[in-house]
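The values are calculated or read from the model by the stated rules, or taken from the named source; none is laboratory data. Since the structure is predicted, the reported quantities are computational estimates derived from the model, not experimental observations. Here the Cβ positions follow ideal geometry from the backbone for every residue, glycine too, while neighbour counts run over all protein chains shown. Quick note on the areas: whole protein, heavy atoms, side chains included, nothing else; ligands and nucleic acids left out. Shrake-Rupley method; radii C 1.70, N 1.55, O 1.52, S 1.80 Å.
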Amino acid sequence: MKALPASPFATHLARLQALPRDKADTLLLLASALLVLAPHVAHLPAWVSALCALTLLWRGAITLLGKRMPPSLLLLPLAAAAMFGVAQSYQTLLGRDAGVAMLVLLVTFKMLEMHARRDLFVVVFLCLFLVLTNFFYEQGIGTALLMALSVLALLTAQLSFQFTGAVPPLRRRFLMSAKLLGLAAPLALLLFFLFPRIEGPLWGLPGDAIGARSGMSETMAPGTMANLAQSGEPAFRVRFEGRPPPQEQLYWRGPVLGAYDGRTWTRIDQRLRRRSAQQPPSLSVGGKPVTYDITLEPSSTRWLFALEMPRRLPELDGNSANVSGEFELTASAPVESRLRYRMSSYLDYRLQPAGLPEDADQWLQLPADSNPRALLAGLALRAEPDPRRRVDAVLGRFRRENYVYTLNPPLLGRDAVDDFLYGSRAGFCEHYSGAFVFLMRAAGVPARVVTGYQGGELNPLDGYVTVRQSDAHAWAEVWLPGRGWVRVDPTAAVAPERVRRGLDGAIPPRAPFGIEGLGRFMQLDGTSNPWIAQLRYAAGAVNNGWNQWVLNYTPQRQRGVVERVQSSLLDWRMPVLLASLTSVLLLWRFLLRRRSSDPIDALYSALCSRLARLGLARSADEGPRAYCARISAAATLAPPAQAAAAEFLGRYSDWRYAPRRNDAHLAATLKRLLSQVR
Amino acid sequence: MESSGQTGVQEGAWRTRREARATSELFLGQRRIYILPSGPGLGFGALLLVLLIGSINYNLGLGYALTFLALSCALVDMLLTWRNLAHLRLKAGRTPAVFAGQEASFELQLVNASRRPRYAIWIDSAGAGEPRHAADVPAGGQATVRLAVPTERRGWLAAPRLVLSTRFPLGLFRAWSYWQPDLNALVYPFPEEDAPPLPRGTGTAATGTGGGGEDDFAGVRPYQPGDPLRRLAWRQIARLDPEDGGQLATKHFEGGARDELVFDLASLPPALDLELRLSRMARWVLEAESRALPYAFRLDATSFEAASGAPHAALCLRALALYGLGGAR
């Protein structure tokens, strides 16, 4: 029995290094495939991941122990069973997720059926495609880094199979493929930004191509907005030209809800409305418009958001925008990928000031037999002749009577408005706006609920304002004679902080313990620590830059880049910059080449030029020996210089024809001899 | 008129470049190297297309990045594959003579003057299927490849037109170049098997004493450099210890000097096929050499005095190889 080695790991390593080449190459390929497959574990069924892990282990054992590969008679039923399993797991073999699972299984089984060099290429190519499929699920910066690492590993594996004789050690092969990747990167970057982008999709996407998304819905019931407000996902990002307007003016208009069934607010069915009412109403504006770019996150809905009040329709690529009678903006196709559009809005506007059209009664309708107490209270308001006073009366009531603004209101019964107004007195924006519009209608003032977003967080590092789902908001519009539709935010009457500082400022901190307290702690509230706020801003800026430049590099954005490049090329500075950069690079290369030339050769040419100055130029066909003989015969040099030159040439000639590289000693001697030739 | 003349010149230049006239040295300049995608390279192109379509269809920003990174890697691979072959210097080496039926071995040297090593360069004669010889050439060094070519007939065998190719580093492209090296292998006639015994004194019948005198053992003399090994007197050598001043000894035969061998083509029956006669003479030369018997050699106008040893044999065999083939070199 052999003695146990001191370090088992070291012996394992040594054994790995001593593996025959084909086995080492196969192990490298296995490791690269593992790197490619690993991120897929996050969304594959557990049994697929386990099967893949087992298969790879099996393959590794076959390689290490030198066993034979399993016969295809065994593999075929196994593959068929796995396929059946996928069909059972996903209830289909089509579609994105099932396809990815099949591909993953295919790659791992192919490992067991690898015989020829051709199979290696098949595995590497399939792995590259698997890297792409991972982007269906995750496209963050970390994924990009993992992609670069996977490509590097695959390149190294592919490279390793190409050697025919000597194989450099793994570290050098890694360096070789890293160099290849480094050479490819600038070209890839150029292609990435300049290759003409096509707005997809090329054909209908499979049903599961886009996962469930949170976003603004077209209905509002108690709890709708509060649910949305729990999500920190960005809804859209805005970049203003110039300074952003103050927070309390940032009302991003979305669906306008006018129909009420006693519990849920919905949009008025557009098909039932008269044609004339579908046209955008008159709008008179004042002041200077605010111009901004919106990058809308995909929402799978048609809603487009803009600051109240947009002056014109946005121009969309491969989609078109419409405006409704309530000044809602919609795209003609659902937004399935990030969408960028440029808008300008007037913060000072009058909507439909001339008078309500004939269908004004639809903004006064209420369900017949619901919320009797609120109905009575509204009717009582009619005693006040000025509609503006009626509005103020309701807002004053919210302000005075200890109403609470909360994300977790108690559940409400069938008469939701009554329960809220006279019972719980605690609610979120949907409660306040809904109750307010109900009271206004009962009081005979045309009113409607406007949903959308309010506010947004400015990142001072990159100037983008991020509007999150948690900024979802509902407010009201009432029509006042001579003034038109006026925005009234009943929530602001209760929680003015909500409008001034956003949700975080309005909701009082809850118990610091428990899940929610922990959640808030993990969010690292920016107001408490400026350092963490800076860090959060920086992360946000990087993430937004990533979204803008990598994930959402749309045809429009590309046009912008190309135009900017063109204009800067026409400008004199850019060509000058390019030219100087090129000359610096050339100079650098030249210097590098000079330095890399052999020092002994350099000394030889120095001697030649010195002798040439002394009238003994070397002719082109003369070797050092012949040159030496001629110098000796000429006898024009002083004897010591001639002796030094002769010794120099003799030594140089010996070195030249029996080269020993990097002879520092010889270089020193030659330098000394050179100094004696004068 | 003028333009057509110019195209004619260009075509001529193209042809000479393409045909790669026989040279003993060749520098693989940029214009000598051809490059096309290999089979896996075409597959990679298809993969790129799939990646691009996937990226467009699902609007994957990172997918575009991966597609263009892979495409750029392929383009860099094309450059590196080309560079792996470009600026290589080829030299024709030595080619030892062989007997017909053996494989002629053409020695080729690949000289790499650049500072980067070159890997996996395949060499074989053009038109052969998969190349069989691969070489790595270290930075600033050289590699020697011996290309074996089967021989069938005597005479000069010119080296085949060679194709040098490489797929290094990624195997997506195949770069290749042609070279007609100025190398010729001398192929001796096939030595006849079961040839008749050496002709004894055929050419000197007048002085011939007949009998087998030349094999008579005549004693031992001190070894002289050049004595064939098989004539060493092992029994005598074994008795003497070199430490005691003993020395090697060579067996001395009397008969060999008295009755020399003469191999003459004319003495062979003319009814025999010429090739068979040459073949038989080649066997005799080998036989005489192996027994270290001096022999004279006559082949029509060519005749050599009796001698033995490798140079003599080479001269004789060369004459046999080139007999009747015209342009003897």
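Only a single item in (1) within 11 Å of chain A (Cβ to nearest Cβ); (2) open to solvent by 40 Å² or more (accessible area, probe 1.4 Å); (3) under 30 Å from A:THR143 (Cβ atoms) is not met by B:ALA70, and it is number (2). Quick one: which of A:GLY452, A:GLY427 is crowded, with 22+ Cβ neighbours inside 10 Å and in contact with a strand residue (DSSP E or B) (Cβ under 6 Å, 6 or more places away or on another chain)? Unique residue meeting the criteria: A:GLY452. Give just the number: which of (1) under 25 Å from A:ARG267 (Cα atoms); (2) touching a residue at least 24 places away in the same chain (Cβ under 8 Å); (3) out of contact with any Phe, Trp or Tyr (no Cβ under 7 Å at 6 or more places or on another chain); (4) assigned to a loop (DSSP other than H, G, I, E, B) does A:GLN362 not satisfy? Among (1) under 25 Å from A:ARG267 (Cα atoms); (2) touching a residue at least 24 places away in the same chain (Cβ under 8 Å); (3) out of contact with any Phe, Trp or Tyr (no Cβ under 7 Å at 6 or more places or on another chain); (4) assigned to a loop (DSSP other than H, G, I, E, B), the lone unmet condition for A:GLN362 is (4).
Within the set A:ALA46, A:ALA87, A:ALA98, A:ALA6, the sole residue that is more than 18 Å from A:LEU126 (Cα to Cα), of a type in the set (Gly, Ala, Ser), in the same structural domain as A:ALA157 (by the TED database) and at pLDDT below 90 turns out to be A:ALA87. Restrict the check to region A:195-216 and report whether at least one residue is at pLDDT 80 or above, in a helix (DSSP H, G or I) and at the interface with chain B (Cβ under 9 Å from one of its Cβ atoms). The answer is no, given that none of the residues of region A:195-216 is at pLDDT 80 or above, in a helix (DSSP H, G or I) and at the interface with chain B (Cβ under 9 Å from one of its Cβ atoms).
If you go through region A:609-637 and pick out every residue that is of a type outside the set (Phe, Trp, Tyr) and in contact (Cβ under 8 Å) with a residue 12 or more places away in the chain, you end up with 15. Looking at A:LEU351, A:LEU364, which is the one that is at pLDDT 85 or above and within 30 Å of A:PRO244 (Cα to Cα)? It is A:LEU351.
Applying the condition of being more than 15 Å from B:LEU198 (Cα to Cα), outside any helix (DSSP H, G or I) and of a type outside the set (A, V, I, L, M, F, W, C) to region B:270-319 and asking which residue is most open to solvent (accessible area, probe 1.4 Å) yields B:GLU305.
Which one is most open to solvent (accessible area, probe 1.4 Å) among residues in region A:67-76 that are part of a loop (DSSP other than H, G, I, E, B) and free of Cβ contacts under 8 Å to residues at least 24 places away in the same chain? For region A:67-76, the residue satisfying everything is A:ARG68. Please verify whether region B:155-165 includes one or more residues that are within 14 Å of another protein chain (Cβ to nearest Cβ), out of contact with any Leu (no Cβ under 6 Å at 6 or more places or on another chain) and buried (at least 16 other Cβ atoms within 10 Å of the Cβ). Yes; the residues of region B:155-165 include at least one that is within 14 Å of another protein chain (Cβ to nearest Cβ), out of contact with any Leu (no Cβ under 6 Å at 6 or more places or on another chain) and buried (at least 16 other Cβ atoms within 10 Å of the Cβ).
Kindly check whether there is at least one residue in region A:324-332 that is within 24 Å of A:ARG197 (Cβ to Cβ) and among the polar types (S, T, N, Q). Yes, some residue in region A:324-332 is within 24 Å of A:ARG197 (Cβ to Cβ) and among the polar types (S, T, N, Q). Within region A:14-32, one or more residues are acidic (Asp, Glu), assigned to a helix (DSSP H, G or I) and open to solvent by 80 Å² or more (accessible area, probe 1.4 Å). Among residues of region B:173-201 being closer than 30 Å to B:GLY39 by Cα and touching a Ser or Thr at 6+ places or on another chain (Cβ under 6 Å), the one that is least open to solvent (accessible area, probe 1.4 Å) is B:ALA175.
Screening A:ALA492 on (1) modelled with pLDDT of 75 or more; (2) not assigned by the TED database to the domain that holds A:TYR251 shows it passes everything except condition (2).
Among the conditions (1) modelled with pLDDT of 85 or more; (2) surrounded by 12 or more Cβ atoms within 10 Å (Cβ to Cβ); (3) not polar (S, T, N, Q), A:ILE507 misses just one, which is (1). Please give the number of the condition B:TRP122 fails out of (1) under 24 Å from the mean Cα position of the chain (by Cα); (2) more than 9 Å from every other protein chain (Cβ to nearest Cβ). Condition not satisfied by B:TRP122: (2). Per the listing A:ARG660, A:ARG593, the residue uniquely modelled with pLDDT under 80 and assigned to a helix (DSSP H, G or I) is A:ARG593. Contact map, region B:38-67: first residue more than 7 Å from chain A (Cβ to nearest Cβ), second residue outside any helix (DSSP H, G or I), Cβ cut-off under 7 Å, separation 6 or more or different chains; pairs are B:SER38/B:ARG167; B:SER38/B:GLY171; B:SER38/B:LEU172; B:SER38/B:PHE173; B:SER38/B:ARG174; B:GLY41/B:LEU172; B:GLY41/B:PHE173; B:GLY45/B:PRO37. Reported count of residues in region B:146-165, each being closer than 20 Å to B:LEU186 by Cβ and part of a strand (DSSP E or B), is 10. Does B:ALA128 meet the test of being open to solvent by 20 Å² or more (accessible area, probe 1.4 Å), among the aliphatic types (A, V, I, L, M) and not in a strand (DSSP E or B)? Against the criterion (open to solvent by 20 Å² or more (accessible area, probe 1.4 Å), among the aliphatic types (A, V, I, L, M) and not in a strand (DSSP E or B)), B:ALA128 qualifies.
Count of region B:51-75 residues, restricted to those that are among the β-branched types (Val, Ile, Thr) and modelled with pLDDT of 95 or more, is 1. For region A:144-194, what are the residues that are under 30 Å from A:ARG557 (Cβ atoms), open to solvent by 60 Å² or more (accessible area, probe 1.4 Å) and without any contact (Cβ under 8 Å) to a residue 24 or more places away in the chain? Scanning region A:144-194 gives A:LEU145, A:LEU183, A:PRO186, A:LEU187, A:LEU189, A:LEU190. Examine region A:120-141 for a residue that is of a type in the set (Gly, Ala, Ser) and touching a residue at least 24 places away in the same chain (Cβ under 8 Å), and state whether such a residue exists. The answer is yes, given that some residue of region A:120-141 is of a type in the set (Gly, Ala, Ser) and touching a residue at least 24 places away in the same chain (Cβ under 8 Å).
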